[in-house]
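Q: Please see the structure below; I have some questions.
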Amino acid sequence: VKRVRVAAFGGPETVELVDAPEPSTPGPGEVLLAVEACGLNFSDLLQRAGLYPGGPRPPFFAGQEAAGVVIAVGAGVGTPAVGTRVVALAAGGLFAERAVVAASACFTLPDGLSFVDGAALPVSLFTAGCALATLGRARAGETAVIHAAGGALGTMAVQLARRLGLTVVATASTAEKRTRAAELGADVACSYDEFEGEARRLTDGCGPELVFDSVGGELFRRSLAVLRPFGRLLLVGCSSGEPPRPDGLKLIHRSQAVIGFHLGALLDDPARARQAAAELMPWVVDGAVRPQVGHTLPLAEAPAAHELLMSRRSYGKIVLLPGG
Ligand code: NDP
C-alpha cells in the first residue's frame, strides 16, 4: 500500500510517499480501514520538524485523521461493523491507502457528508467542541474571541461558538479569511491588531468572557489582558512557536482560568470520546456546523501540502486523497 513516511526530522522534503507492506490484520479492538481521504493537521508539521512533545521518531508513518470504510474487524469489535463509513483518529499512520486503527477511535461519518468533509471533521470538531462547550462551559449570550479563525480549527470554532449562542470576534491575518469568518457567522472579523478594541466595544468595555487561542505567544498575553475577570482562556495550540507562560499571581488577582485541551487526552479516555461524539456529531447532522475544506491534493503531494499549511495561505482544512 502507498503510505506517507517521514524519513527524518526536517522540512517538507523529508515527507515521502512509499510502497509499504499491507497492514497486518486487525487485532482485538482494532479495525482495518480503506482510507478515502486524510486531514492534514498543524501537528503533522510539528511532528515532522521534531517539535512535537512526545512525538514519534523518524522514520515514522504519518497521519492522524482520516475518513474511509471499515473493511475488516478484529476480535471483540461490535461497532463499527464492516462496511461502515467512519472518521478515524490515531497517533499516526493514517496517511495511507489502508490502515489499522482502534475501533474506539472511529466515529460514524454522518450520512450526507462526503469522505473529504469527513477527513476535515474529527480533530476540529472534538477540539473546538470540548474546549468551548465542555471545558469552557460557554453559555449563550457570552462573547468569545476566536483566534486564527481562517484555519481548520478556527473555522470550526467560529461555527460552534455561534451554535452555542455566543457573540463572536474572529481574528485572521488576511481580508479574505476575515470575509469567510464573517460568512461563517462571526459578528466581527478583524486583524490581530484590532481584537481587543472590538471585543471591548461589543461588551461595554468589560472584555470577552472567553478566548479560544491556538496561537500562543504575544497573542496569548494580550488575550489574557483583555479577558474579563472570571473569564476563561481556552488554550489549544501554539502555532506561534512560543509556549505561553501565564503569570499565576495575575490569574489569582483577575480571577481568570487558563484551560488547556489536547485531543490525545480525549482519545485516551474512550468513554469520554464517545460522549463527545454523541454530543457534537448531531450539530454536524443538523447542519449547524460544517467542516471547511479549502484544499484537496493527492496523497503523493503531501510535501506540498506541508508547504501550504506552513505558508499561512491555506483556508480551512487541507485534505489529502490516497486515490489521487
Ligand atoms: P490551521 O489551519 O489553523 O493553521 C494554522 C493557522 O494559524 C494559520 O492559518 C494562521 O492563520 C495561524 N497563525 C497565527 N500565527 C501563526 C504563526 N506564527 N505561524 C503559523 N500560523 C499562524 O491549523 P490547525 O487547525 O491544524 O491547527 C491550529 C492550531 O491548533 C495549531 O497550533 C495546532 O497545533 C492546534 N491544535 C490543537 C489540537 C489539540 O488537541 N489541542 C487539535 C488541533 C489543532 P492566520 O494567517 O489567519 O494567522
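The values are calculated or read from the model by the stated rules, or taken from the named source; none is laboratory data. What you see is a predicted model, and the numbers here were worked out from it, not measured in a lab. All Cβ positions, glycine included, derive from the backbone under ideal geometry; neighbour counts span all protein chains shown.
Q: For region 143-191, name all the residues that are assigned to a loop (DSSP other than H, G, I, E, B) and small (G, A, S).
A: Step one: filter region 143-191 for residues assigned to a loop (DSSP other than H, G, I, E, B), giving 147-150, 164-166, 172-174, 184-187, 191.
Correct list: A148, A149, G150, G165, A172, S173, G185, A186, S191.
Q: Among (1) touching a strand residue (DSSP E or B) at 6+ places or on another chain (Cβ under 7 Å); (2) at pLDDT below 95, which single condition is G92 missing?
A: (2)
Q: Limited to region 94-106, what total is found for residues that are within 16 Å of the ligand (Cβ to nearest atom) and buried (at least 24 other Cβ atoms within 10 Å of the Cβ)? Don't jump to the end; show me each part of the working.
A: Kept after step one, since they are within 16 Å of the ligand (Cβ to nearest atom), are these residues of region 94-106: 94-95, 105.
Then drop every residue that is not buried (at least 24 other Cβ atoms within 10 Å of the Cβ), which leaves 94-95.
Number satisfying all stated conditions: 2.
Q: In region 283-322, which residue that is within 14 Å of the chain's Cα centre (by Cα), in a strand (DSSP E or B) and not small (G, A, S) is farthest from L46 (Cα to Cα)?
A: Filtering first and then ranking leaves V293.
Q: Go through region 109-142 and report how many residues are in a loop (DSSP other than H, G, I, E, B) and either closer than 16 Å to L263 by Cβ or of a type in the set (D, E) (or both).
A: Start the filter on region 109-142 by keeping residues that are in a loop (DSSP other than H, G, I, E, B), which leaves 109-114, 120-121, 136-142.
Within this subset, residues satisfying the condition of being either closer than 16 Å to L263 by Cβ or of a type in the set (D, E) (or both) are 111, 120-121, 136, 142.
So the answer is 5.
Q: Here is a follow-up. Looking only at residues in region 220-253 that are within 19 Å of the chain's Cα centre (by Cα) and of a type in the set (A, V, I, L, M), which one is nearest to the ligand (Cβ to nearest atom)?
A: V236
Q: All but one of (1) part of a strand (DSSP E or B); (2) surrounded by fewer than 14 Cβ atoms within 10 Å (Cβ to Cβ) hold for V211; state the number of the condition that does not hold.
A: Of the numbered conditions (1) part of a strand (DSSP E or B); (2) surrounded by fewer than 14 Cβ atoms within 10 Å (Cβ to Cβ), the odd one out for V211 is (2).
Q: Also, I was wondering about something else. Residues being buried (at least 17 other Cβ atoms within 10 Å of the Cβ) and within 9 Å of the ligand (Cβ to nearest atom): count how many of those fall in region 292-321.
A: Count: 7.
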